[in-house]
Amino acid sequence: MRTHNGPRLVLASASPARRKLLQAAGIEPEVLVSGVDESAVEAATAEELCLTLARLKAEAIKDPDALVLGCDSVLAFEGEILGKPADADEATKRWLRMRGRSGILHTGHCLIGGESRAEAVAKTTVYFADVSDAEIAAYVATGEPLRVAGAFTIDGIGAAFIERLEGDHGNVIGLSLPLLRRLLGELGYSITDLWRR
């Protein structure tokens, strides 16, 4: 049940972390999973890939009576584009390479309202701790890194393995609220229009 008089926001994502970010910011999204086959989409850069996926997710849900937000995150690390790891072995190999280094987490955002669309990519540099082999093995065994882009989180168990960030913290969780505010502005809305009252 809606408790505000502003537009409906539909989140075209199965990510509970994105939903929690919006809820913490006073926004109660409706969640509709797009069903986009992410593995079928290819792109030359992390920026292009995450934005294409975000756009496909939003377009798959398109609702003329709501604002629809599609998001997708990927990690650019040493010239590679890293989404979710295929299995525990891949997650382990990634962490062995990433420890003590940094990568750039890209999140594509596509907001559709009626016939209008606003989109952009948020980028945050992530500095990984120089974790031990035993820590990597224990982390992968939790299953958490298998469910997320780049094989890490900062809002869960993996937070202890992230030394610092340069850029928006929320972006690494999966959604940049400052960027969402700007995209809403491009479509003629204020983020305050979405707040629960």
Ignoring ligands and nucleic acids, residue 157 exposes an accessible area, probe 1.4 Å, in Å² to the nearest 10, of 100
Set of aspartates and glutamates near residue 123 by C-alpha distance (under 16 Å), chain-local residues within fewer than 8 positions excluded
47, 48, 72, 78, 80, 166, 168
Largest fluctuation, 63, 133, 168 only, Gaussian network model of the chain with Cα springs under 10 angstrom, belongs to 133
If each K or R counts +1 and each D or E counts -1, the residues other than residue 74 whose Cβ falls under 13 Å of its Cβ total -3
Do any of 20/84; 20/93; 62/93 go past 27 Å between their Cα atoms, and which?
20/93; 62/93
For the chain, set up a Gaussian network in which alpha carbons nearer than 10 Å are linked by springs, and say which option among 46, 138, 120 fluctuates the most.
138
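Before I look further, what does the range 125-173 give for accessible area per residue, probe 1.4 Å, in whole square angstrom?
Details: 2200 Å² over 49 residues.
Counting only protein heavy atoms, the per-residue value for the range 125-173 is 45 Å².
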Can you find, among 192, 132, 64, the residue farthest towards the positive end of the dipole of the range 63-197? Put +1 on the C-beta of Lys and Arg, -1 on that of Asp and Glu.
192
Tell me the carbon and sulfur percent of the accessible area for the chain, rounded to whole percent, probe radius 1.4 Å.
49
Where in the chain is the longest stretch that carries no GluC sites (Glu not before Pro) classed as loop by DSSP and with at most 12 other Cβ atoms within 10 Å?
116-197
Mind checking which of 66, 134, 14 has the largest fluctuation in a GNM of the chain, springs on alpha carbons under 10 Å?
134
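The values are calculated or read from the model by the stated rules, or taken from the named source; none is laboratory data. Since the model is a prediction, treat every value here as computed from it, not as a measurement. For neighbour counting, all protein chains shown are included, and Cβ atoms are generated from backbone atoms with ideal geometry for every residue, glycine included. We work out accessible area using only protein heavy atoms, side chains counted, and drop any ligands, DNA or RNA first. Shrake-Rupley method; radii C 1.70, N 1.55, O 1.52, S 1.80 Å.
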